[in-house]
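The values are calculated or read from the model by the stated rules, or taken from the named source; none is laboratory data. Here the structure is a predicted model, which means the values were calculated and not measured. FYI the Cβ positions are ideal-geometry reconstructions off the backbone, even for glycines, and counts take in every protein chain you see.
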């Protein structure tokens, strides 16, 4: 695959993959701030400015996020702020989330908000307007909502609830990542349930191992593949991608086969136990088509070894940079070992 001549700004995949290629970095940093893991000196400073309030927490979060971004944006194409960690601080937290999204975009990077939104019909459209599109004002004039580049969504409600997000993707360079096989321990309680319908495919996941049954997650994967067909860009990938956890590497093989045009967002690397050799299955044979996320393992690297002994709490951003470099090298090494390295 050659990405050198991909110039479209109207397709999310055509914006994302050349940036990954230029930086030689298929990773995302998850911005999941937790107040008691923010360095104490920042917390104390914000208490002095705003009192012991939600506003102080929100300002601490934005300063923390901003410094992580400043320290790593030359290495990293994507940042994934998790809405829940900021929304729980109400309007102050939402403002910090908006500022974080704007800051990521001002640095020329991709902001994927992990919000896992969806609902029926008109409510799904309201979510799509808020996160990816425009909202109406009293006069009928429209302004941008959060203006994220992409958002994670839940497909449990079916096609008519994914369509509003797909429409925003068509309008101008936006993307969605559909929850397909998630990284949590209980994912299989629903996602691995076998369906009565027999598949028209057989997928090998090992020398003698094969998957020849439909489950809830394989059905979602096939839907993602279908939904994404009209949004395939010049690079061969669609603006509709999928979330598949690193913690289930064999399911990753199945997902990649069923969604050949979907960019796979891979959580679960690092703190959740996923390893570089596990995420390789999410990439295509040329080493593209996936982005691997790490949150706690990078942003709170200053609290764990080997970074803890090298960096003071006030140098948390430098620790995050080192952890990001280590992650990039780890994944690139695994891709090379698998014969998939594009660099």
Every residue from the stretch 206-232 that is over 21 Å from residue 156 (Cβ atoms), surrounded by fewer than 19 Cβ atoms within 10 Å (Cβ to Cβ) and touching a strand residue (DSSP E or B) at 6+ places or on another chain (Cβ under 6 Å): 210, 232
Of all residues making up the stretch 233-250, the number that are touching a helix residue (DSSP H, G or I) at 6+ places or on another chain (Cβ under 9 Å), closer than 26 Å to residue 189 by Cβ and crowded, with 24+ Cβ neighbours inside 10 Å: 6
Qualifying residue in the stretch 72-80 (condition: surrounded by 20 or more Cβ atoms within 10 Å (Cβ to Cβ), part of a helix (DSSP H, G or I), in contact with a helix residue (DSSP H, G or I) (Cβ under 8 Å, 6 or more places away or on another chain) and modelled with pLDDT of 95 or more): yes
Pairs where the first residue, in the stretch 216-240, is at negative phi and in contact (Cβ under 8 Å) with a residue 24 or more places away in the chain and the second is in a strand (DSSP E or B) and surrounded by fewer than 24 Cβ atoms within 10 Å (Cβ to Cβ), C-beta under 7 Å, 6+ apart: 238/232
Residue match in the stretch 94-108 (condition: touching a strand residue (DSSP E or B) at 6+ places or on another chain (Cβ under 9 Å), modelled with pLDDT of 95 or more, under 17 Å from residue 318 (Cα atoms) and outside any strand (DSSP E or B)): no
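Does at least one position in the stretch 160-173 carry a residue that is in a loop (DSSP other than H, G, I, E, B), at pLDDT below 95 and surrounded by 14 or more Cβ atoms within 10 Å (Cβ to Cβ)? Lay out the reasoning, then the answer.
Taking the stretch 160-173 first, the residues in a loop (DSSP other than H, G, I, E, B) are 173.
Narrowing further to those that are at pLDDT below 95: 173.
Still in the list and also surrounded by 14 or more Cβ atoms within 10 Å (Cβ to Cβ): 173.
Yes, that holds for at least one residue.
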Residue 222 being at pLDDT 95 or above and touching a helix residue (DSSP H, G or I) at 6+ places or on another chain (Cβ under 8 Å): yes
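Working carefully through the options 29, 68, find the one that is under 15 Å from the mean Cα position of the chain (by Cα) and in contact (Cβ under 8 Å) with a residue 40 or more places away in the chain. Break it down stepwise before answering.
Values: 68 fails: under 15 Å from the mean Cα position of the chain (by Cα).
Only one candidate qualifies: 29.
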Near pairs, Cβ below 7 angstrom, 6+ apart or cross-chain, from the stretch 32-47 (touching a residue at least 24 places away in the same chain (Cβ under 8 Å)) to any residue that is surrounded by 14 or more Cβ atoms within 10 Å (Cβ to Cβ) and in a loop (DSSP other than H, G, I, E, B): 32/295; 37/300
Test result for residue 121, at pLDDT 95 or above and either more than 15 Å from the chain's Cα centre (by Cα) or surrounded by 16 or more Cβ atoms within 10 Å (Cβ to Cβ) (or both): no
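Give me a count of the residues in the stretch 189-219 that are part of a strand (DSSP E or B), closer than 20 Å to residue 260 by Cβ and either in contact with a helix residue (DSSP H, G or I) (Cβ under 9 Å, 6 or more places away or on another chain) or at pLDDT 90 or above (or both). Spell out how you get there, then give the answer.
Initially, the stretch 189-219 is screened for residues part of a strand (DSSP E or B), giving 194, 203-204, 210-211, 215.
Now restrict to residues that are closer than 20 Å to residue 260 by Cβ: 203-204, 210-211, 215.
Keeping just the survivors that are either in contact with a helix residue (DSSP H, G or I) (Cβ under 9 Å, 6 or more places away or on another chain) or at pLDDT 90 or above (or both) gives 203-204, 211, 215.
Counting residues in the stretch 189-219 that are part of a strand (DSSP E or B), closer than 20 Å to residue 260 by Cβ and either in contact with a helix residue (DSSP H, G or I) (Cβ under 9 Å, 6 or more places away or on another chain) or at pLDDT 90 or above (or both) gives 4.
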Whichever residue in the stretch 292-322 is surrounded by 15 or more Cβ atoms within 10 Å (Cβ to Cβ) and over 25 Å from residue 112 (Cα atoms) and, among such residues, is farthest from the chain's Cα centre (by Cα): 311
The lone exception for residue 255 - which of (1) closer than 30 Å to residue 60 by Cα; (2) buried (at least 20 other Cβ atoms within 10 Å of the Cβ); (3) in contact with a strand residue (DSSP E or B) (Cβ under 7 Å, 6 or more places away or on another chain) it fails: (1)
